[in-house]
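What follows is a short report on a single structure.
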Amino acid sequence: MEYVFELDVSGKVEDVVETLLQLHRASCLDKLGDQTAMITAILQSRLARTSFDKNRFQSVSEELHMECQAEMVTPLVTNPGHVCITDTNLYFQPLNGYPKPVVQITLQDVRRIYKRRHGLMPLGLEVFCTEDDLCSDIYLKFYDPQDRDELYFYIATYLEHHVAERTAESYTLQWQRGHLSNYQYLLHLNNLADRSCNDLSQYPVFPWVISDYCSSELDLSNPGTFRDLSKPIGALNKERLERLLTRYQEMPEPRFMYGSHYSSPGYVLFYLVRIAPEYMLCLQNGRFDNADRMFNSIAETWKNCLDGATDFKELIPEFYGDDVSFLVNSLKLNLGKRQGGQMVDDVELPPWARSPEDFLQKSKDALESNYVSEHLHEWVDLIFGYKQKGSEAVGAHNVFHPLTYEGGVDLNSIEDPDEKVAMLTQILEFGQTPKQLFAIPHPRRITPKFKSSPQTSSCNASTADSPVSPGEESFEDLTEESKTLAWNNIAKLQLYEQYKIHKEAVTGIAVSCNGSSVFTTSQDSTLKMFSKESKMLQRSISFSNMALSSCLLLPGDATVISSSWDNNVYFYSIAFGRRQDTLMGHDDAVSKICWHDNRLYSASWDSTVKVWSGVPAEMTGTKRHQFDMLAELEHDVGVDTISLNAASTLLVSGTKEGTVNIWDLTAATMLHQIPCHSGTVCDTAFSPDSRHVLSTGEDGCLNVIDVQTGMLISSMTSDKPQRCFIWDGNTVLSGSQSGELLVWDLLRGKLSERIQGHTGAVTCIWMNEQCSSIITGGEDRQIMFWKLQY
C-alpha cells in the first residue's frame, strides 16, 4: 500500500520525514524495552530544545511561578509538551500544537484537583473546573513526581482560599443526608479513587443495579428487579461461583477467584465502540472485535456477566448519564456481521425501554431508587471499601488477580527493561482495582422510611398554653417545618439582653418549660435562679465551696439537679427552696449530668459514667431517696462530657485524651471508641435522628461520626476550640473560645457566619424546643439572651 500525506505548513517536510524515520527505526528494534528507551530519548531531546512560549500568556502582568515538562493524557494517547503556571493561569503547550496551540485554565475557575497514579506511578494530576462533571478539563502526567507535587501544592494553596478541599468522608455525609444523588456520590468516589475518563485502565466504575432485562414493564418497587449489591458480579451465579471456588482452593499462592477484572480498557471500549471506534482499533491492532463478541444487546451482556466463565464486568457512568450516543450506531460503522446474518448496528434494548432515552432514564431512576439507596453502601464496601482486600475480600468472594491491586508489583524492582514494559502493559490492559477509600464498613444512606418521627417535647405543657414573653415567637404547632426554618435562618441571631449574675465562668443553663425562669451554674460554686420577666436575680444557692459543672431541670419544673467538682450531685427543690438530696456517687469531680425517664446519667473525672435509677420527676419535699446504680460505663481516663440520643438508648462520652465513645445503654456496652481529637473533648451530641454524633475538642476540630459504623465521616477545623454547640444534623451553632458564636454548614464543610458575643469563651448554650430562642453563658460571667429575627 502507498499513502500520500500533505502537510498544512510548507517547509516542514524534512523535519517530519526525519522524525518518521527515527520512529520507524525505533519500531523495528527487537526488544520492547529498547523501543521504549529510543522513543523516550527522541522525545526528551525535542522537549529539551523547546520551552514554553511566554507570548501565550493572557496578560503581560502575569508572574511565572514554575515551568516543567509533562504530557497531557487522553485515552490511549499522551501528548508531550510544556506546563507553565502563573499567579492566575495554568497553561499547557503541546509540542505538536494539537488539539490547540495552548490549553489555558484560569485558576479562579478550578473547583477540584486530584493527584493520580498513571501507569502505576505517582505522576498524574487532574484538574476540574466543575463540581459534578464526569470529565475533567485537563489531565497531566509529569516526568518527575516532585514537579507534580509542586504544581499540586501551588494550585491547592490557591484553592484553599477559594474552595474547601474534599475528602471521601465529607461526600459521605452529604450523600447520607440526601444532598448528593447516588450518581454524584459514585462519581466523587471514583474521582477520589484515581478513576478518570482520560485513563482507560482506570475508567470510572459503576454498578449493574437492574437484573430484569426481560419484562415489558420495569417495576422499581419490586426488590426482585434489582441485582444483589452485596456481592461482586462473579458471586451472583451460585453454580459458577462454586466452580470458581473449587479452582481457587486448588490454586497455588498467590490465589485469586477471578481471572479477569470488573473494569479494564477492553471492557470500557466494548461499551463505547460506537462513539470511540478509533480507541478499539488502536487497542486491537486496527480491527474491531468479532461481531458476536461486540456490545450487541443489554440483556445478552447481562446474561454473559451472570453465566460467562470469564466475564465479571461492571458498568460505566454512561449507563446513568444523558447521552445516548454510545447505544446508537450514528456513525454508521461497519462493525461486522453476526452468525445469524444480521449486521451489528444499534444496541438492542430490553423490552421495558421504549427508546435509548427511555432506557437511560429508567436506569437513572433505578440507580436513585429506594432499594439501591438502601444497599449501595454494600457495593461501595466491595469496590472502594473494607471488602476490597484481605480476609474480608476472601469472605465476600471478591479476590482478583494480585496484579490488579495497588502495590501488587513494584515496577522499580524489575531491572530488565523488556520485562518492565511487558509487566506494565499487562497491568494496564488487565484492569486495576480502585484505590481503597474506606477501611471500615461504609455507612448506609438515610432513606425516608428510616427517618425518625419528630421528637416530642420533654415539656408536656403545650406551647399554645404557655405564657409567651413579648418579642418571642409563638408557634402553635411545633412542626418540623418551623424548626427547619429556624435552623435555615440561624445566622440571623440577635442579642437582645445580657446580664452578669455570676462571679466566675457560667457552666450550665436550664430553663423552665414556660421560659420564665432561667437556672445557671458557675465555677463560683453557686446555682442562680433568674427571672426573665422581671429581669431580676431571684435566688442564689451554694452547696459547697467547689465549682458546679452543669445543671438540669426535671420535668414539672419542681427540681433542679446540679453536678459539682466536689464529687457530688445536688437536688434542689424550687418549691421548698432548699437542698433536697445529695448523690455521693463518684471519686472525683462530676463533669456533666443528663436525665431521662427517671434515670440520671453522671460523668466524672474518675473515668466513669454511671447510670442511676430512682430519680423520680416529682421529688416530694421530705423523703430522702434511695439511688440505685444500674450501670457503670468504665473509661481509661476522665470523662468531660456526655450526651444522650433522643430515645435514650445510646450515650456518647468524650474524654480528656480526645476519645469519643458511643455506648449502647440497653446492654451497657461500648459500640465504638474513636480517638478523633488531640486533647480534651469539649462537647458531644447526637443528631436529632441519632444517625450521627458531633464532637468538638480543644484541638479546634469539629468531627462528625456515623453511629452505625463508627466511621469519622467529616472533620472541620476552627482557629479556636469550640467549647459548646447545638446542631440539627446539618447546621451547627457553636460557642467559641474567642467568645463568638459560629455557624457551620456541615454539608458544604465550611464556616458560614461569625456572630460577636461574649468577651471570654462561650462555655454553655441552651436552645428552646421551637429553636427560636437561645441563651449562652460565658467565661465573662454573663448570660446572653438571643432571638431569631427573620
Looking only at the stretch 262-275, which residues are closer than 20 Å to residue 430 by Cβ and either of a type in the set (S, T, N, Q) or more than 31 Å from the chain's Cα centre (by Cα) (or both)?
263, 264, 270, 273
As an exercise: evaluate residue 140 against (1) modelled with pLDDT of 95 or more; (2) open to solvent by 50 Å² or more (accessible area, probe 1.4 Å); (3) within 29 Å of residue 320 (Cβ to Cβ); (4) not hydroxyl-bearing (Ser, Thr, Tyr) and give the number of the one condition it does not meet.
(2)
When the stretch 15-44 is examined, which residues are found to be exposed (fewer than 11 other Cβ atoms within 10 Å of the Cβ), in a helix (DSSP H, G or I) and among the charged types (D, E, K, R)?
18
Can you name the residue in the stretch 713-753 that is of a type in the set (Lys, Arg) and part of a loop (DSSP other than H, G, I, E, B) and is also least open to solvent (accessible area, probe 1.4 Å) among such residues?
720
With 152, 158, 139, 183 as the choices, which residue is in a helix (DSSP H, G or I) and under 19 Å from residue 119 (Cα atoms)?
152
Based on this model, can you work out whether residue 341 counts as modelled with pLDDT under 95 and surrounded by 13 or more Cβ atoms within 10 Å (Cβ to Cβ)?
no
Output yes when any residue across the stretch 27-34 is within 36 Å of the chain's Cα centre (by Cα) and of a type in the set (Asp, Glu), and no when none is.
no
Members of the stretch 561-571 that are more than 19 Å from residue 683 (Cα to Cα) and surrounded by 23 or more Cβ atoms within 10 Å (Cβ to Cβ)
561, 569, 570
Just wondering, is there one or more residues in the stretch 309-318 that are free of Cβ contacts under 8 Å to residues at least 24 places away in the same chain and over 23 Å from the mean Cα position of the chain (by Cα)?
no
Show the residue pairs that are 6+ apart or on different chains and have beta-carbon atoms under 7 Å apart, the first residue being within the stretch 531-552 and under 18 Å from residue 604 (Cα atoms) and in the same structural domain as residue 584 (by the TED database), the second being open to solvent by 30 Å² or more (accessible area, probe 1.4 Å) and not in a strand (DSSP E or B).
544/566; 546/565; 546/566; 547/523; 547/565; 549/565
Is it fair to say residue 391 is buried (at least 17 other Cβ atoms within 10 Å of the Cβ) and not in a loop (DSSP other than H, G, I, E, B)?
no
Just one listed residue, out of 111, 117, is farther than 30 Å from residue 427 by Cα, charged (D, E, K, R) and buried (at least 16 other Cβ atoms within 10 Å of the Cβ), and it is 111
So residue 393, is it among the small types (Gly, Ala, Ser) and farther than 19 Å from residue 263 by Cα:
no
In the stretch 76-100, how many are closer than 18 Å to residue 159 by Cβ and part of a loop (DSSP other than H, G, I, E, B)?
2
Looking at residue 90, is it in contact with a strand residue (DSSP E or B) (Cβ under 6 Å, 6 or more places away or on another chain) and open to solvent by less than 20 Å² (accessible area, probe 1.4 Å)?
yes
Would you say residue 482 is out of contact with any Gly (no Cβ under 8 Å at 6 or more places or on another chain), over 30 Å from residue 628 (Cβ atoms) and not in a strand (DSSP E or B)?
yes
Which of the helices (runs of 4 or more DSSP H) contained wholly in the stretch 208-320 include at least 1 residues that are at negative phi and open to solvent by 50 Å² or more (accessible area, probe 1.4 Å)?
238-250, 277-283, 298-307
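The values are calculated or read from the model by the stated rules, or taken from the named source; none is laboratory data. Nothing here was measured: the structure is a model prediction, and the numbers come from that model. Here Cβ is always computed from backbone atoms with ideal geometry, including for glycine, and neighbour counts include all displayed protein chains. Heads up: the accessible areas ignore ligands, DNA and RNA and are worked out on the full protein's heavy atoms, side chains in. Shrake-Rupley method; radii C 1.70, N 1.55, O 1.52, S 1.80 Å.
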